[in-house]
1. Among strands (runs of 3 or more DSSP E) lying entirely in region 36-86, which contain 2 or more residues that are within 26 Å of the chain's Cα centre (by Cα) and surrounded by 19 or more Cβ atoms within 10 Å (Cβ to Cβ)?
2. (1) more than 20 Å from residue 99 (Cβ to Cβ); (2) in contact with a strand residue (DSSP E or B) (Cβ under 8 Å, 6 or more places away or on another chain); (3) within 13 Å of ligand 2 (Cβ to nearest atom): which one isn't true of residue 183, the others all being true?
3. Please verify whether region 21-29 includes one or more residues that are within 17 Å of residue 204 (Cβ to Cβ), surrounded by 12 or more Cβ atoms within 10 Å (Cβ to Cβ) and within 16 Å of the chain's Cα centre (by Cα).
4. If you check every pair at least six apart or on different chains, which have Cβ atoms under 6 Å apart with a residue in region 185-203 that is within 18 Å of residue 85 (Cα to Cα) and modelled with pLDDT of 95 or more first and a residue that is near ligand 2 (Cβ under 8 Å from one of its atoms) and assigned to a loop (DSSP other than H, G, I, E, B) second?
5. Residues to consider are 102, 61, 88; find the one that is within 21 Å of residue 156 (Cβ to Cβ) and more than 15 Å from ligand 1 (Cβ to nearest atom).
6. Could you list, in sequence order, all residues of region 73-102 that are without any contact (Cβ under 8 Å) to a residue 60 or more places away in the chain, in contact with a strand residue (DSSP E or B) (Cβ under 6 Å, 6 or more places away or on another chain) and more than 21 Å from residue 29 (Cβ to Cβ)?
7. Does any residue of region 184-205 turn out to be farther than 28 Å from residue 26 by Cβ, within 10 Å of ligand 1 (Cβ to nearest atom) and in contact with a helix residue (DSSP H, G or I) (Cβ under 6 Å, 6 or more places away or on another chain)?
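The values are calculated or read from the model by the stated rules, or taken from the named source; none is laboratory data. Bear in mind that the values here come from a model prediction, so they are computed numbers and not experimental data. As a convention, Cβ positions derive from the backbone with ideal geometry for all residues, glycine included, and neighbour counts pool all protein chains shown.
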Ligand code: PRP
Ligand code: URA
């Protein structure tokens, strides 16, 4: 199957994003919204999971049903801001395992630096969804995916809330096998590497560290 690059086009996501972007939206509402958007995105990103037929006895007869075909999933938030999307993802797939990759972006060079990596021990049996609200230069997403690939998972998808065109192009080029889902594709990066119009510093807005 060819890889997917999807800019989400859905009225609920658009509405929630309009409140998320507002600089006056407080952290508690920001956290709720970013999780709600994540939940809607995971709903779409899991569309191609394999199912198998099972027979279920209802109070009135036998129903031929479909269940997930034993596929194991893992969510990997990129710390810190990726944590903001995790609860939404787990709401839809509570049995998924969770890995964590810690990266921070140097404010001057914009280069990502790794400080933590803990992934499920059986990740090679799992389909992985990497979540991070912001895809700016693309450095953090590309490095996180490179780390995960060393452990040979079944498949990797990347989900972000807001992407910049340059970050999206870099991710597509460096990881042509990764499906990409963005709630919005914005105009550009500013001179400090922030997405314009974007939503500001996602980590600071989620955790109230502005
Ligand atoms: C932000 C964001 C991404 C990264 C995106 O994290 O959550 O991980 O920047 O930028 P890039 O595409 O140019 O790499 P940040 O480094 O600010 O850390 P934080 O999540 O701890 O705030
Ligand atoms: N990281 C953020 O949190 N926001 C941006 O706009 C870019 C990188």
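1. Details: elements: 51-58, 61-68, 72-79.
Passing ranges, in order: 72-79.
2. Tallying (1) more than 20 Å from residue 99 (Cβ to Cβ); (2) in contact with a strand residue (DSSP E or B) (Cβ under 8 Å, 6 or more places away or on another chain); (3) within 13 Å of ligand 2 (Cβ to nearest atom), residue 183 fails exactly one: (3).
3. no
4. 202/133
5. 88
6. 73, 75, 79, 93, 96, 97, 98, 99, 100, 101, 102
7. No, there is no match, as no residue in region 184-205 is farther than 28 Å from residue 26 by Cβ, within 10 Å of ligand 1 (Cβ to nearest atom) and in contact with a helix residue (DSSP H, G or I) (Cβ under 6 Å, 6 or more places away or on another chain).
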